[in-house]
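Here the structure is laid out as structure tokens; the discussion comes afterwards.
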Amino acid sequence: MKRLAWFALVIVVLGVGIAALLLGGGRGPGSSTGGGMIEIVMEEMRFTPNRIDARVDQAIVLRLVNRGAQRHDLIFPSLHMPGLEGQEAILEPGETRTISLRFDTPGEHTFLCSLPGHAAAGMTGAVFVRP
Ligand SMILES: [Cu+2]
């Protein structure tokens with residue numbers, strides 16, 4: 001009887017571990033480190049998270065989710081933005097889109113929502129690119 005209980009416990013622990021591995025898949029909530037997929041929620045008037053870490057020449061995949069009631073976009077006013085060219089990053093309310101980026105210069109790359117008044121109201125962020 002006692003032995004059976006032990007066995008059941010081991011099965012449960014293994015099950016939870018495997019489920020966590022399968023569900024984890026590199027996109028843990030709150031994670032903002034490059035390498036996996038990073039989810040950025042857009043709403044009035046902010047990006048969450050709005051600070052992202054990346055490395056030079058490392059592709060980062062952003063999953064943009066517009067949970068607001070208005071249209072929002074995500075643009076990098078800086079010119080050093082290999083990878084974003086041609087990618088549509090304006091989203092209707094309720095829309096989700098995945099874009100990938102790759103930076104070839106280290107430093108702080110500011111992004112913002114270019115819809116009128118949004119950046120001024122705080123809808124900005126930055127990707128910190130390490131060498
Ligand atoms: Cu906006």
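If Gly86 satisfies every condition in (1) modelled with pLDDT under 95; (2) away from the ligand (no atom under 16 Å from the Cβ); (3) at negative phi but one, which is the exception?
Unmet for Gly86, out of (1) modelled with pLDDT under 95; (2) away from the ligand (no atom under 16 Å from the Cβ); (3) at negative phi: (3).
Specify which of the listed residues (Thr96, Thr124, Thr105) is within 13 Å of the ligand (Cβ to nearest atom), touching a strand residue (DSSP E or B) at 6+ places or on another chain (Cβ under 8 Å) and not aliphatic (A, V, I, L, M).
Thr124
Quick one: what pairs do we get from the stretch 92-107, first residue in contact (Cβ under 8 Å) with a residue 24 or more places away in the chain, second assigned to a strand (DSSP E or B) and of a type in the set (D, E, K, R), C-beta under 8 Å, 6+ apart or different chains?
Final answer for the pair search is Thr96/Arg63; Arg97/Arg63; Thr98/Arg63; Pro106/Arg130.
Considering only the stretch 36-59, state which residues are at pLDDT below 95 and in contact with an Asp or Glu (Cβ under 9 Å, 6 or more places away or on another chain).
Within the stretch 36-59, Val56, Asp57 meet the criteria.
The values are calculated or read from the model by the stated rules, or taken from the named source; none is laboratory data. All values derive from a computational prediction rather than experimental measurement. Glycine also receives a Cβ, built like all others from the backbone with ideal geometry; neighbour counts cover every protein chain displayed.
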